[in-house]
Amino acid sequence: MLYPGTQAPDFTLPDQNGSLRSLSDFRGQKVILYFYPKDMTSGCTKQACGFAELYPHFTEKGAVVLGVSRDSVASHKKFEEKYGLPFPLLADPELQAIQSYDVWQEKKLYGKTSMGVVRTTYLIDENGVIAKAFGKVKAADNPAQMLDELT
């Protein structure tokens, strides 16, 4: 995980519509950058829907929400449409941003060890510097937690 005070690594990834988005596009705004394991899974759906529900509050506070996973553009599009998600979901199948933000880590599930995305959320300030970093976040609680961080 990267630490507060670190310059946030820039990246360019396609969103659910295939449009390329770069972190640097959002300079001058606060960015909630959250990494999640997989579209359409229980925890990831709770987290995304929580961000969607609170999205007007994030925009009122001048913040942008960006979700990132290894899923494809097509998978993100289905996820967005099924749940009415109002923010960009970025596809990172090559692990470009996932690795540069140090969220690709060893995970254990039912005694098996594998590599995967550890649910992590960063608050990046208007200058592109990581202001806060939260690892192994609870999916359902993360959106409200991040909104509180903006006040």
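The values are calculated or read from the model by the stated rules, or taken from the named source; none is laboratory data. Please read all numbers here as calculations on a predicted model, not as lab measurements. Cβ sites come from the backbone with ideal geometry, for glycine too, and all protein chains shown count toward neighbours.
So, GLN29, is that one in contact (Cβ under 8 Å) with a residue 40 or more places away in the chain, within 20 Å of ASP125 (Cβ to Cβ), among the polar types (S, T, N, Q) and touching a strand residue (DSSP E or B) at 6+ places or on another chain (Cβ under 6 Å) or not? Here the answer is yes, as GLN29 does meet what is asked. The numbered conditions (1) part of a strand (DSSP E or B); (2) under 11 Å from the mean Cα position of the chain (by Cα); (3) over 15 Å from ARG119 (Cα atoms) are all true for ARG21 except (2).
Check whether at least one residue in region 71-89 is in contact (Cβ under 8 Å) with a residue 60 or more places away in the chain and closer than 19 Å to LYS132 by Cβ, and report yes or no. No, every residue in region 71-89 fails to be in contact (Cβ under 8 Å) with a residue 60 or more places away in the chain and closer than 19 Å to LYS132 by Cβ. Among the residues of region 113-135, those identified as among the charged types (D, E, K, R) and over 18 Å from ARG70 (Cβ atoms) are ASP125, GLU126, LYS132.
Quick grid of which residues meet (1) among the aromatic types (Phe, Trp, Tyr); (2) surrounded by fewer than 21 Cβ atoms within 10 Å (Cβ to Cβ); (3) part of a loop (DSSP other than H, G, I, E, B):
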| residue | (1), (2), (3) |
| --- | --- |
| ASN17 | no, yes, yes |
| LEU33 | no, no, no |
| LYS38 | no, yes, yes |
| CYS44 | no, no, no |
| CYS49 | no, yes, no |
| HIS57 | no, yes, no |
| LEU66 | no, no, no |
| GLU81 | no, yes, no |
| PRO86 | no, yes, yes |
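Can you confirm whether THR113 is polar (S, T, N, Q), surrounded by 14 or more Cβ atoms within 10 Å (Cβ to Cβ) and not in a loop (DSSP other than H, G, I, E, B)? Criteria not met by THR113. Taking the residues in region 133-151 that are farther than 19 Å from LEU54 by Cα and part of a strand (DSSP E or B) as candidates, determine which candidate is modelled with the lowest pLDDT. Residue satisfying both the conditions and the ranking: GLY135. Checking every residue in region 90-106 against the condition of being assigned to a strand (DSSP E or B) and loosely packed, with under 14 Cβ neighbours inside 10 Å gives at least one match. Within region 119-132, the only residue that satisfies the criterion of being assigned to a loop (DSSP other than H, G, I, E, B) and either surrounded by 20 or more Cβ atoms within 10 Å (Cβ to Cβ) or of a type in the set (Phe, Trp, Tyr) (or both) is ARG119.
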